[in-house]
Amino acid sequence: MKGKLILEDGTIFRGQIFGGANQTAIGEVVFNTGMTGYQEILTDPSYCRQIVTLTYPLIGNYGTAKIFNQSYKSFVGGLVIGELCDNASSSSMEQSLIDYLSMNKIPCLFDVDTRAVTRKIRSIGTMKGVIVSEYTSQSTIDEMMALPLRTDVVSEVTTSDTYTLESENDDAPFVVAMDFGVKLNILDSLQKLGCKLTVVPASTPAEDILEMKPDGIFLSNGPGDPKDLPDVVNEIKKLIGKKPIFGICLGHQLIALALGADTYKLKFGHRGSNQPVKNLKTGRVYISSQNHGYAVDERSLRKLPVEVTYISVNDGTVEGLRHKRLPIYSVQYHPEASPGPNDNLYLFDEFLEMMKK
């Protein structure tokens, strides 16, 4: 069926809507530059309700498999791609992408000029968009465009119940992970270090976390604007100085806000598995996996007891922080990858060493 992506500035990109999926979507339109990893993107809670444009031209060529899922379901609002492969082949494939999209009712617009979509977003910035059939009435489109984008997305992706992931080691470090939309490979990475994990909802009070007597506290990735979570920021303030804290992505931004810094929205964000970051101490550049639309304002850090540890090579934005006195550090990028390179897994080892000290 013929369909189209309409941006809020009126720009239209036409293609085909996959008939087995939902045929309407509304959300912030973003792009991801990764060459692989479409299933991890679809199941990354940080993409909650967003319409994701994949810049790589051929999508679906290796199918899907449960081992690549980063959450129990997909949270994306919609998918926009160039060519949808209908003849996938891989030794690990359990299901084609077409079947996966159909089963999960994910709106997919394909045969789209994704290069043009990406250039538009890079020029104007991320904006609201809708995916509809070619025959949708203008009044319906206007009604969809008038709907505000949800801001309570963390409440949609966080765990509803506290749960524990045990360790085989009797003397395992005990980590409490605040779940703002955590990816499974982050939890796996901590478990591979031998950690015992208790994962708690985003709204968990600091007092309840400290009563568990953890050796360290982890603040996860997640979707949306960190400033939409003032109650969470207040709880993190109560944790500062009590235990070692490590934050990734949204967790990094929340730590910055709790320390008194500021955040702002990027023009089009960093999304992809090929984003270069520079270690300011060693000068070494790492390739990282990233998915975020907000950043920490470096100017707001100047009078705070923190140092910038990493920056983006592409635009110089803050990619990592470390407190000068307290055992607190964070990174904007995803050291666990999935998808992406494993260059930065050492950051989990640093968290382990910080807890031991």
Against the definition (buried (at least 16 other Cβ atoms within 10 Å of the Cβ) and modelled with pLDDT of 95 or more), how does residue 126 come out, yes or no? yes
For residue 70, work out the one condition from (1) more than 30 Å from residue 203 (Cα to Cα); (2) among the polar types (S, T, N, Q); (3) in a loop (DSSP other than H, G, I, E, B) it doesn't fulfil. (1)
Are any of the residues in the range 304-319 among the charged types (D, E, K, R), in a strand (DSSP E or B) and either touching a residue at least 60 places away in the same chain (Cβ under 8 Å) or more than 27 Å from residue 29 (Cα to Cα) (or both)? yes
For residue 174, the lone unmet condition from (1) open to solvent by 80 Å² or more (accessible area, probe 1.4 Å); (2) within 27 Å of residue 342 (Cβ to Cβ); (3) of a type outside the set (A, V, I, L, M) is (1)
Answer yes if at least one residue in the range 232-246 is touching a Cys at 6+ places or on another chain (Cβ under 7 Å) and either under 19 Å from residue 327 (Cα atoms) or touching a residue at least 60 places away in the same chain (Cβ under 8 Å) (or both), and no otherwise. no
Among the residues of the range 76-94, are any among the aliphatic types (A, V, I, L, M), more than 25 Å from residue 116 (Cα to Cα) and in a loop (DSSP other than H, G, I, E, B)? yes
Looking at the range 101-111, can you tell me whether even one residue there is touching a Ser or Thr at 6+ places or on another chain (Cβ under 8 Å) and either hydrophobic (A, V, I, L, M, F, W, C) or open to solvent by 70 Å² or more (accessible area, probe 1.4 Å) (or both)? yes
Among (1) out of contact with any strand residue (DSSP E or B) (no Cβ under 9 Å at 6 or more places or on another chain); (2) more than 20 Å from residue 293 (Cβ to Cβ); (3) at pLDDT 95 or above; (4) of a type outside the set (A, V, I, L, M, F, W, C), residue 196 falls short only on (1)
Between 35, 1, which is in contact with a Gly (Cβ under 6 Å, 6 or more places away or on another chain), open to solvent by 60 Å² or more (accessible area, probe 1.4 Å) and not small (Gly, Ala, Ser)? 1
Exactly one of these conditions fails for residue 306: (1) closer than 21 Å to residue 238 by Cα; (2) in contact with a Phe, Trp or Tyr (Cβ under 7 Å, 6 or more places away or on another chain); (3) of a type outside the set (Asp, Glu). Give me its number. (2)
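The values are calculated or read from the model by the stated rules, or taken from the named source; none is laboratory data. Being a predicted model, the structure only gives us computed values, none of them experimental. Glycine also receives a Cβ, built like all others from the backbone with ideal geometry; neighbour counts cover every protein chain displayed. The area values use the complete protein model at the heavy-atom level, side chains included, leaving out ligands, DNA and RNA. Shrake-Rupley method; radii C 1.70, N 1.55, O 1.52, S 1.80 Å.
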